[in-house]
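**Student:** Let me begin by handing over the structure; questions about it come next.
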Amino acid sequence: MAGVLSWVSQSGVVQGTIIGATLAFVTAILIMDVVVRAITTNVNGWSSIRKCGRPGNGILVRAACAKALPVVNVFEEAAYWTTTRDGSGRTLSGRHEYVLSFPAGQLPPNDAFWSLTVTDVVGYMVNNPINRSSFDDRSNLAKSADGSIDIYLRHEAPIGHEQNWLPAPSGKFKLMLRAYLPGAAILNGTYRVPQVVKAQ
């Protein structure tokens with residue numbers, strides 16, 4: 001066994017194969033990142049990819065989608081938006097307070113349901129005191145006098161607005177908004193998700 005290990009450690013062929021495989025892997029990741037950027041739409045700080053899940057996609061687009069949004073539905077079945085930044089381009093962090101305001105009648109139009117989820121930057125749920133990680137169309141969200149809905153994204157509870165509080169981790173976090181069987185305004189691109197506004 002020691003002889004085999006000695007040969008491997010000194011073999012130019014083995015070392016070349018390892019280096020080549022490593023470079024190929026890194027190159028593939030870089031190419032997929034470029035493809036993801038090319039097919040991503042960014043509006044008000046939210047990113048969405050409309051091309052994922054389509055049977056006619058080429059191998060690069062399929063690989064890029066698998067990296068960015070694994071096991072994703074086609075956009076006509078489920079629209080996904082994600083963000084890790086507020087409307088000013090700053091990284092979302094539980095050290096700050098944010099508000100996501102939907103004007104009256106401007107929740108994501110759909111023929112099934114919508115949901116808004118907060119996770120860490122990797123995509124994992126984070127424990128919080130009220131065990132709430134998302135809102136959806138069945139959530140009892142309080143409306144303002146004009147019919148708009150403000151969702152409070154922060155680590156500590158907003159006094160007087162606990163009903164619309166979506167607890168954020170203490171550090172950096174990510175938001176994902178989904179609309180299942182999205183409405184016509186989403187499909188034709190006229191619907192825009194409001195930007196996340198830093199309140200403090």
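The values are calculated or read from the model by the stated rules, or taken from the named source; none is laboratory data. Every value quoted in this text rests on a predicted model; they were computed, and no experiment measured them. Virtual Cβ from ideal backbone geometry, glycine too; neighbours counted across all protein chains shown. These accessible areas exclude ligands, DNA and RNA; they are computed on the full protein's heavy atoms, side chains included. Shrake-Rupley method; radii C 1.70, N 1.55, O 1.52, S 1.80 Å.
**Student:** Ranked highest first by the average count of other Cβ atoms within 10 Å around their residues, in what order do 181-187, 135-141, 96-102 fall?
**Tutor:** 96-102, 181-187, 135-141
**Student:** If you don't mind, there's one more thing I want to ask. Amide H neighbours of LEU181 under 5 Å, counting only residues 5+ apart in sequence or on other chains, H built in-plane at 1.01 Å?
**Tutor:** Excluding prolines and chain starts, which carry no amide H, the hits are ALA78, ALA79.
**Student:** Provide GLU156, GLU77 ordered by accessible surface of protein heavy atoms (probe 1.4 Å), highest first.
**Tutor:** Largest accessible area first, the list is GLU156, GLU77.
**Student:** With a 1.4 Å probe and every protein chain left in place, tell me how much accessible area ARG192 has, in Å² to the nearest 10.
**Tutor:** In the full protein context, ARG192 sits at about 150 Å².
**Student:** If you don't mind, there's one more thing I want to ask. With N residues in the range 72-200, what two-decimal value do you get for its Cα radius of gyration over 2.2 N^0.38 Å? Provide the component values of the computation, followed by the final result.
**Tutor:** Working: Rg = 14.1 Å, N = 129, 2.2 N^0.38 = 13.9 Å.
Here the Cα radius of gyration is 1.01 times the empirical estimate.
**Student:** At a threshold of 8 angstrom on Cα-Cα distance, excluding pairs fewer than six apart, so keeping six or more, what relative contact order does the range 85-174 reach in percent? Before the final figure, lay out the partial values.
**Tutor:** On the way: 149 pairs, mean separation 37.3, N = 90.
Normalised by residue count, the contact order of the range 85-174 is 41 percent.
**Student:** Tell me, what ³J(HN,Hα) does each residue in the range 154-170 have, in order and in whole Hz, if you take phi through Karplus 6.51 cos²θ - 1.76 cosθ + 1.60 with θ = phi - 60° and put x for Gly and Pro?
**Tutor:** Per-residue couplings from phi come out as 6, 6, 9, 5, x, 4, x, 10, 4, 4, 9, 8, 10, x, 9, x, 5 Hz.
**Student:** For the modelled label position 7 Å from the Cα of GLN163 along Cα-to-Cβ, which residues of the range 137-154 have backbone nitrogen atoms closer than 13 Å?
**Tutor:** 139-151
**Student:** What accessible surface, in Å², does a 1.4 Å probe find on TRP81, ignoring ligands, DNA and RNA and rounding to the nearest 10?
**Tutor:** Ignoring ligands and nucleic acids, TRP81 comes out at about 20 Å².
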